[in-house]
Amino acid sequence: MTLSLVLQALFAGVTNGIVYALVGMGLSAIFKGSRVINAMQGEFAVIGAMTTVLLLTKAGWPYAAAIAGGAVAGALVGAFIEVAFVRYMAKKSASEDSFLLLTIGLALSLSASILYFVGRDGHLLPPLGGEGVLIVMDAVIQFHALWLIAIGIGATLALRAFYHRTTIGLSMMAASIDADGAATTGINVARMRTFTFVLGGLLGALGGILVTPLIGVDYQLGLNLTLKGFAAAVLGGLTNPLGAAVGGLTLGLVESLAIIGISSSYKDVVAFSVLIVIMILMPQGILGRAGRRGG
Amino acid sequence: MKFNEWEERKKMSVSSFIAKLAGATALVGLSAFGVQAQTSGEPVKIGAIVSATGAGAGLGVPERNGLLLAEKDINAKGGIKGRPIKIIVEDDASNPDTALSKANDLIFGQKVQALLGPSLTASTVAVGGVTHANKIPQIAFTGIGPAVERERKCLAHVLPPQRLNATALLEYAKNIKAAKIGVLHDAGYGNVVMAELKPLADKYGVKLVAVEKFEIGATDTTTQAAKVKAAQPDAVFIIATSATPFRNVKQIQIAQPVIAAIGSSSYEYVNAMGPAADNIVIPEFVVGEDPLPHQKAFVELYRQTYNSTPKNYEAAAWDAAHIIAAALNKAGADATGEKLCEAMKAPYTGVLANYDFSADDMTGIPISSFVFSKLVGGKYTRTPFRVAQ
């Protein structure tokens, strides 16, 4: 095993980890704010990426505007789902499993709609920073992957600042910790729940747009991302969106190092064994306790 | 047009609808054919099962196109001794259980004379149980799979056995004098080809210096590709049904020649490769951009009808329909399954390959039927390299 191989594995692990983290953060933001396990988080990524692709190639928008459009599409779909389905079901005191079934159903319907309207073909987006690569001791990383890592870290820090420094963020956190208490201080709890879905949609879409230049997007990418994002979120502590960032990076690195350390045939066995050990030692997730205090 | 395609696909699950659809397209399409022959009387019914939806749709959709085109062609040329042929196409949703129930319906409900398909090996094995027991001739759009298929002597295959695919890869490696090979393969199709490749490699004096696996549907295989790169091979084999490993190999700047198995030859994957779809060599059969002389008529007709370029799976289905039509013409439209089976067991020159269904593997494709194409800027070009028998 050479140093350059280890470095290449680290590059791949961090890049994948950030993608898992973005999907996982959205998932846990929604769970934190509404107690809904969102099985369609990966679909937000597909919606964001597909909208960007369509705005760029069909509508001829400039790339930056198309990216913004894709992110807004994710946020709007998030808001729509809360207003049209979750709010109504919450009024009827639906159970957690009903919400899970709702989001599984939505995931399948959205995937089918994308197949219907956009078709089965995969699409790529132009890489940020061009086709260039950075070569460190024979290990290669795309400029785009560096952008992805930078934006991912930026989004994580921004999310932390949002929850701790802004009135809306603090209100969302209050509503999630004690809904009745928050309502008595004048916080509109229902609206805060809509905001958590907007946030979840936005983070998911951002992850999807950023990953598309590397892996491409098609109608069936969503489920794959949801599963990895869910693992990241649980690993980090489901109630703490920042935990998902740590969980995502851990998952990405463990997967990638398992390939060079053991064998690609046993990648998932090794990766998930490590995750099981972490969950036994830290049943609340890596940052789960911090999440209880408010992240 | 995408929208219409999907509409069509949706209708496929309703068998009566597809029968009408096939009938309608046959009528509309007649004008595309020069010389018309009259067909009359009770149609000769042939059942077909493809994976038009689900994971195998990348195969099933082209196959359905090939079948419907063949149906038009056969009827335009006089059908089966003057009677029209009717191919009833069903979708198994890439699921062997569904394939089995569709096969039962086609055989016992619709009383078809023979069965074409399915698209996937697992479904082929499942359906083979019914056709074998009831002596119904079957022509599958798969390469011969598990050992049980060798006992099914009336189940022909129009795609090469995986051993032949592995041989074709090694022949090209030998041609470019690559002695050290790195392999990237997926855990499904790739595993099966790999099992055949390993023992053959020794025979070719080829050393497999790195063999790296990834799961089906993996979104990133960079680390596996890096391990292959670190082993410093002379060439890299990619055996998969996805575009991901091709992109990763280019991303980490593997400069060695890449040779890919036929599984990733469809345009769906090539388009998803983006700029990575360059300089990849694929041992396959039909290069629509530059067809062999005996493939030209089919490619032209396909282009006129569908406004796109056909590849291997379209041609395989076209061949399967023509093979059963030829057997019916030889044995008679009302021949029993056993008679049809006997009529089928002969050499046949198809668009995809030269078959010999009397061969032990019920396929009989010689290695000389392979052409070796190279992707240049996302388009296929045919290389002059061929393997002599």
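Data overview
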quantity: Residue in the stretch A:211-226 that is over 18 Å from the mean Cα position of the chain (by Cα) and either β-branched (V, I, T) or not in a loop (DSSP other than H, G, I, E, B) (or both) present; calculated: no
quantity: Single match in A:L76, A:L54 (criterion: at pLDDT 95 or above and within 14 Å of chain B (Cβ to nearest Cβ)); calculated: A:L54
quantity: Leading residue by the ranking (nearest to B:G129 (Cα to Cα)) among those in the stretch B:68-88 that are of a type in the set (A, V, I, L, M, F, W, C) and in contact with an Asp or Glu (Cβ under 9 Å, 6 or more places away or on another chain); calculated: B:I87
quantity: Count of residues meeting criterion [surrounded by fewer than 20 Cβ atoms within 10 Å (Cβ to Cβ), within 23 Å of B:L352 (Cβ to Cβ) and β-branched (V, I, T)] in the stretch B:93-149; calculated: 0
quantity: Residue list for the stretch A:1-42, filter: among the aromatic types (F, W, Y) and within 11 Å of another protein chain (Cβ to nearest Cβ); calculated: A:F11, A:Y20
quantity: Condition met for A:L159 (buried (at least 18 other Cβ atoms within 10 Å of the Cβ) and more than 12 Å from chain B (Cβ to nearest Cβ)); calculated: yes
quantity: Candidate set from the stretch B:239-285 (those that are of a type in the set (S, T, Y), within 11 Å of another protein chain (Cβ to nearest Cβ) and part of a helix (DSSP H, G or I)); member that is surrounded by the most Cβ atoms within 10 Å (Cβ to Cβ); calculated: B:T244
quantity: Test: residue in the stretch B:174-184 that is over 27 Å from A:L225 (Cα atoms), at pLDDT 95 or above, more than 14 Å from chain A (Cβ to nearest Cβ) and buried (at least 24 other Cβ atoms within 10 Å of the Cβ); calculated: yes
quantity: Which numbered condition B:Q389 misses (of (1) more than 18 Å from B:I259 (Cα to Cα); (2) assigned by TED's automatic domain parsing to the domain that holds B:G78); calculated: (2)
quantity: Filter pass, A:D138 being of a type outside the set (V, I, T) and surrounded by 16 or more Cβ atoms within 10 Å (Cβ to Cβ); calculated: yes
quantity: Breaking point among (1) crowded, with 18+ Cβ neighbours inside 10 Å; (2) within 14 Å of another protein chain (Cβ to nearest Cβ), for B:V192; calculated: (2)
quantity: Every residue from the stretch B:211-227 that is more than 7 Å from every other protein chain (Cβ to nearest Cβ), among the hydrophobic types (A, V, I, L, M, F, W, C) and outside any strand (DSSP E or B); calculated: B:I216, B:A218, B:A225
quantity: Selected residue [modelled with pLDDT under 95 and touching a Leu at 6+ places or on another chain (Cβ under 8 Å)] from B:L59, B:L67, B:L115; calculated: B:L59
quantity: All positions within the stretch B:176-209 that are in a strand (DSSP E or B) and closer than 23 Å to B:M273 by Cα; calculated: B:I181, B:G182, B:V183, B:L184, B:H185, B:D186
quantity: Listing of strands (runs of 3 or more DSSP E) fully contained in the stretch B:308-389 that carry 2 or more residues being in contact with a helix residue (DSSP H, G or I) (Cβ under 7 Å, 6 or more places away or on another chain) and under 18 Å from B:E289 (Cα atoms); calculated: B:371-376
quantity: Residue identified as in contact with a strand residue (DSSP E or B) (Cβ under 7 Å, 6 or more places away or on another chain) and in a helix (DSSP H, G or I) among A:S273, A:S265; calculated: A:S265
quantity: From A:F117, A:F85, residue being modelled with pLDDT of 90 or more, surrounded by fewer than 20 Cβ atoms within 10 Å (Cβ to Cβ), within 14 Å of another protein chain (Cβ to nearest Cβ) and more than 26 Å from A:L242 (Cα to Cα); calculated: A:F117
quantity: The stretch B:195-221: number of residues that are surrounded by fewer than 21 Cβ atoms within 10 Å (Cβ to Cβ), modelled with pLDDT of 90 or more and not small (G, A, S); calculated: 10
quantity: Scan of the stretch B:240-260 for residues that are under 18 Å from the mean Cα position of the chain (by Cα) and modelled with pLDDT of 95 or more, ordered by number; calculated: B:A260
quantity: Hits in the stretch A:11-47 - residues which are outside any helix (DSSP H, G or I) and buried (at least 24 other Cβ atoms within 10 Å of the Cβ); calculated: A:V36, A:N38, A:M40
quantity: Residue within the stretch A:268-291 that is hydrophobic (A, V, I, L, M, F, W, C), in contact with a Phe, Trp or Tyr (Cβ under 7 Å, 6 or more places away or on another chain) and in contact (Cβ under 8 Å) with a residue 24 or more places away in the chain present; calculated: no
quantity: Residue match in the stretch A:168-175 (condition: surrounded by fewer than 18 Cβ atoms within 10 Å (Cβ to Cβ) and closer than 21 Å to A:A71 by Cα); calculated: yes
quantity: Residue list for the stretch A:195-226, restricted to those being surrounded by fewer than 24 Cβ atoms within 10 Å (Cβ to Cβ), touching a strand residue (DSSP E or B) at 6+ places or on another chain (Cβ under 9 Å) and of a type outside the set (A, V, I, L, M, F, W, C); calculated: A:P213, A:D218
quantity: Residue in the stretch A:124-145 that is nearest to the chain's Cα centre (by Cα), counting only those that are facing chain B (nearest Cβ under 9 Å) and not in a strand (DSSP E or B); calculated: A:A145
quantity: Count - residues of the stretch B:350-382 that are surrounded by 15 or more Cβ atoms within 10 Å (Cβ to Cβ) and over 23 Å from B:E151 (Cα atoms); calculated: 15
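The values are calculated or read from the model by the stated rules, or taken from the named source; none is laboratory data. Being a predicted model, the structure only gives us computed values, none of them experimental. Glycine gets a Cβ as well: all are built from the backbone with ideal geometry, and neighbour counts include every protein chain shown.
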